[in-house]
Structure formats: C-alpha cells, structure tokens
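Visitor: The structure is given below, and queries will be raised subsequently.
Quick note: the coordinates plus some simple rules give every number you see, no bench work behind them. Note that the structure is predicted; figures quoted are calculated from it, not measured. Note that each Cβ is placed from the backbone with ideal geometry, even for glycine, and that neighbours are counted across all protein chains shown.
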Amino acid sequence: MSDYDPPPSSSKYLRNQFSDRMGGTEPELLAPRHLRCRLQSTLPGLLWIPFAFAFAVSGASVALAQVDEIDKEIKATTKSKKSKKDKSRWLWDLDLGIEGTYESNVFLLSDGSIDRFKEDDPDDAISGRFDDVKEVDDFVVTAAAKMRVAGDGLMKRRVQAWLGVEYDQAVYNEIRSRPRFRIGASQQLGKGRRASIEFEYELDRFKRNYLSGTEPDPGGSIKRDERRYRAGTFSTAEIVASYDQRIWKRSKKRPNLVEVLGIRRIDMEASLGYARRDYDHFSNRDRNELIVGVGAVAQVGKSWRIEVDYGLSSIFTSRDPEFLIIDEIDAGRDLNGNGNDSDNNVPVDERVDRSHIDHTVGIEVEWAASKRVMLKAGYDFMFQDYLSDEPLDLTYNGRKDERHRLFGGVEWSFAKRWAASLGGIWMDESSDRSGENEETSYSGYMISLGLSARFF
C-alpha cells in the first residue's frame, strides 16, 4: 500500500482529510495541502524554504484554503464594527463543527486481507495480525473547534492567526480514534499577495499491525501461528509555508481572449513543507518528507472557480535490516542454507528501504449555485516510484503504484452563521507488487455529513 501518508467546510475538509483518516497517500490529497514536519526536526526542513521558493512559482496550501473563504466576511465585519465606533482593530471568531463519516475500508485493507479477516482464522488470533481491528468499515464522528483572530499586521496590512483542535471518535475501532492540533498565521503582503504558515501535530495514529518477529523463534519455515504482529502506531508533526500571487485580473479595457472565455481572475500559488513521522516500535518505518506544490486558481464568471495543481513529494526512510518472511522461489536463492532454493516462509533479516517519490496532479471545480449553495467536485491522480535497490527487499525494490481519487460535495449556508455539508470520496490504488504483510492494492470510499457554526 501507499505509505505516504486528505469542520466548517466538509467537502473541502473531506478532500484534505482523506489521507489522514484513511491512511492513504497523505496526499493524505494533494501534496500542496499536506506538507509535514516533526517539531524537533523543523529547523532542517525550514532551511529548504528559501531555496524552494526561488524555484517554485506557485502551489496550493491548506492554510490558504482555510482562510481564503473567510477573508471577505472578516473585512465586512470590520467595516460593520468600525461603523459602530469600535475602537479595537482586532476581531475574534470561533468556529465549531461536527461531522459524521462512514468509511468503507477504514484501514485500507486489500481484498485478500478483508477475506482473511472475515475468516476469523485462529492462527491470526494467536499471531495478533488483526488485534484491535474490530471491523473493516466504521463510523467516525469528528468534533472540531477553531479560534481565529484578525487585525492589522505589518505595514497595517491584514494578518490572521488561528488555533484549532479536532478529535476523531470511531464507533467500532477504538484504536482509530485520535486528536489533531493546528496553529497558523497568514499575512497580506500587498494587493493580491499573501504568505502563510501552519503547523499541525497528530499523535497515536494507528495504521495497522506489522510483522515484528516469531515466538518461539523456530527457524526454518514460519507458520501463521508462529508469527507475531505488533501495533503500528506513530505520531506526526507537519509544517507548511505558502505564498500566493494574483497574476491577472480582468480590466475595463478592450477584452482579450482570456476575458472572452469569462475568466475574471487568475491566482498562482506556491507551497512547500517538511515532515517527520515517528513510529512507536518500528523505527525503520520512520520517515522524513519534503514536498513542493505548484498550482493555479481561476475565477470564471461570477459562479465558477477552477483549480489545478501539481505536487512533488520526496519521502526518505532508513534502510536498516528488518525481520522478513520470504519464499525462496521469489528470492531466487537458498536463504536458509539447506541446499535447495524452493522453501517457503523462510525468516531472514534483510535491509528494507521504503523511500519513494510521489507525483500528484489534480483538478477541482466549484460552482456557486446560489448565494447559499456551493457544489464542488474533483479528481486527482498519483504516481509513486519507490527507490529501493536492496536485492531481498521484494516488496519495494522497483515498485510502482498508481492511485485514482474522485471527490465531491455540497455546502449549504442555511442561516447567517450556520452551514451544513454533504460530501464523498472514492479512491482506488493499485501496485505491481503484493505482499504477505504489506497492503499494496486497495479501494475504499467515504460519505460524510457535517454541521458547523461561527460565533462572535
């Protein structure tokens, strides 16, 4: 399986949170929206920022997407409060949201693993392969709160800061429940220009149980009930730095070809980030990640918004020895020294390298059907190229993965400070490899219904 590791606006939230919730390519969607880092490793990642900005013309970012939709409301509120002779230049608001989501494949298991789970094999119960996995699907309730402040910043241009917390509560798989924390800020730099940064921390995230050894250590061929699995839980911290620039706006002069097509404005965006993931018990799965994204957003007519983007993500892991179980026919050699090369389930300690490069392209279309109703739909495609050259790293050496994802939703502002949303995502990932302990190909979908309110 892909190892990349996607509220007030559920359809956008669904797209951004898909990887976080389901453990997919923590596109996570798209690289520009999922730029990650570990707090204690932030400085090395930030050293890339000046270099990357020199070459990145544009890209998409979570932080900009989160603040873009509220900018007009904050400005309008500012004028309203000033008309009431409010001497304060700082405005506060609080967003509260709750969302219920059905996930058809909460741990992104392959069809073969799903069938095996449903068999309820006693050997799997002994080995712990599916410990804490109660159901393949699940209902997840997400509660979210975000406090935001806006006012005059540098050169009296608008600055915003926010602090948010979210908690996922799973109905069946309790190990799926976890909190997330976010803090960020954005600064207007001039007309049509803005920079932002956001930090996110997530802890005790469970992906699945991984092979950790045997008990007892029998040597030779390892049977199912002799294997031992351990929970693959980890913590992540992320940072994203973003910049957007308006490059064209319709003028009152003679229309050109772009204006004839109905385009009113084009913005370019750039973002980059660094990530660190730390597993509790599997240090060879720890990862460092650098992501750069570029993209463009066009306002077409009064009602349409079209966004296209590209993300390049470089994920680097250790290449230390791991406990593996390999069939000698796949390895093409005698691994246990018994004079033949046809034994199955042979235990070995060999180097494994999960480093890979991800390329993601996506498009999203928004249509304001009315002043209160917004429809969204999109598609993205990801290609993963694994970098391992270890001879017995049969799962990752030369591996190529592809992922297709469709998403859509509707948002309805049914009252001044209240909104409801309905959204869905379908994803399918395929690989040219299969593995006993690694999920390489899978599919799943999510359907979400949300309610949000803004106070102050």
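Visitor: Pull up all non-local amide H partners of residue 194: gap of 5 or more, or a different chain, and H-to-H distance under 5 Å with H placed in the peptide plane.
Guide: Answer set, sorted by chain and number: 189, 244.
Visitor: Just the Kirkwood number for the stretch 321-456, please: inverse of mean 1/r across all distinct Cα pairs, in Å, one decimal.
Guide: After inverting the pairwise mean of 1/r, the radius is 18.7 Å.
Visitor: Ratio of Rg to Rh for the stretch 331-379, alpha carbon only, Kirkwood?
Guide: Values: Rg = 26.2 Å, Rh = 16.8 Å.
Using Cα coordinates only, the ratio equals 1.56.
Visitor: Note down the nm distance, to one decimal, between modelled labels 7 Å out along Cα→Cβ at residue 96 and at residue 143.
Guide: With each label point 7 Å from Cα toward Cβ, the separation is 1.0 nm.
Visitor: Distance from a point 7 Å along Cα→Cβ of residue 342 to each backbone N in the stretch 372-411: keep the residues under 17 Å and list them by number.
Guide: So the set is empty, nothing qualifies.
Visitor: Could you give the nm distance between label points at residue 204 and residue 372, where each point is 7 Å from its Cα heading toward the beta carbon?
Guide: 4.1
Visitor: Let me ask another. Sort 111-118, 243-250, 201-208 for me by packing, meaning the mean count of neighbouring Cβ atoms within 10 Å per residue, highest on top. Display every interim value, and only then the final one.
Guide: Working: 111-118: 14.2, 243-250: 16.9, 201-208: 18.6.
Highest to lowest by the protection proxy: 201-208, 243-250, 111-118.
Visitor: Taking the simple approach of a point 7 Å from Cα along Cα-to-Cβ for both residue 225 and residue 161, what is their distance in nm?
Guide: Simple spin-label model gives 6.1 nm for this pair.
Visitor: So if R0 is 25 Å, what FRET efficiency would residue 126 and residue 181 give, r being the distance between their Cβ atoms, rounded to the nearest 0.05?
Guide: That pair, residue 126 with residue 181, gives E of 0.10.
Visitor: How far, in nm, would the chain grow between residue 400 and residue 89 when pulled straight, counting 0.36 nm per residue and subtracting the alpha carbon separation?
Guide: Working: separation 311, 0.36 × 311 = 111.96 nm, distance 5.34 nm.
Fully extending the segment from residue 400 to residue 89 adds 106.6 nm.
Visitor: With θ set to phi - 60°, apply the Karplus curve 6.51 cos²θ - 1.76 cosθ + 1.60 along the stretch 279-290 and write out the HN-Hα couplings as whole Hz, x wherever there is a Gly or Pro.
Guide: With the stated coefficients, the stretch 279-290 comes to 7, 5, 10, 10, 5, 6, 8, 4, 8, 10, 9, 10 Hz.
Visitor: Take residue 193, project a point 7 Å from its Cα along the Cβ direction, then tell me which residues of the stretch 132-174 have their backbone nitrogen under 19 Å from it.
Guide: Once the point is set 7 Å along Cα→Cβ of residue 193, 152-160 turn out to lie under 19 Å by backbone N, inside the stretch 132-174.
Visitor: Which whole-Hz ³J(HN,Hα) couplings does the stretch 377-391 yield from phi under the Karplus relation 6.51 cos²θ - 1.76 cosθ + 1.60, θ = phi - 60°, glycine and proline marked x?
Guide: Once rounded to whole Hz, the list reads 7, x, 8, 9, 10, 10, 10, 10, 10, 7, 9, 4, 10, 6, x.
Visitor: Please report the net charge: other residues with Cβ closer than 13 Å to the Cβ of residue 96, K and R +1, D and E -1.
Guide: 0
Visitor: Can you figure out the FRET efficiency of residue 135 with residue 449, using R₀ = 22 Å and their beta-carbon distance, to the nearest 0.05?
Guide: So, using R0 = 22 Å, E works out to roughly 0.65.
Visitor: Continuing with this model, one more query. Taking R0 as 25 Å, what's the FRET efficiency between residue 172 and residue 430 from their Cβ-Cβ distance, rounded to 0.05? Numbers along the way, then the final one.
Guide: Values: r = 27 Å, r/R0 = 1.09.
Rounded to the nearest 0.05, the efficiency is 0.35.
Visitor: Distance between Cα centroids, the stretch 97-141 to the stretch 364-426: provide it in whole Å.
Guide: 22
Visitor: Mind listing the phi-derived Karplus ³J(HN,Hα) values for the stretch 300-311, rounded to whole Hz, using 6.51, -1.76 and 1.60 with θ = phi - 60°, and x for any glycine or proline?
Guide: Result, ordered by residue: 10, x, 8, 10, 10, 9, 10, 10, 10, 8, 9, x Hz.
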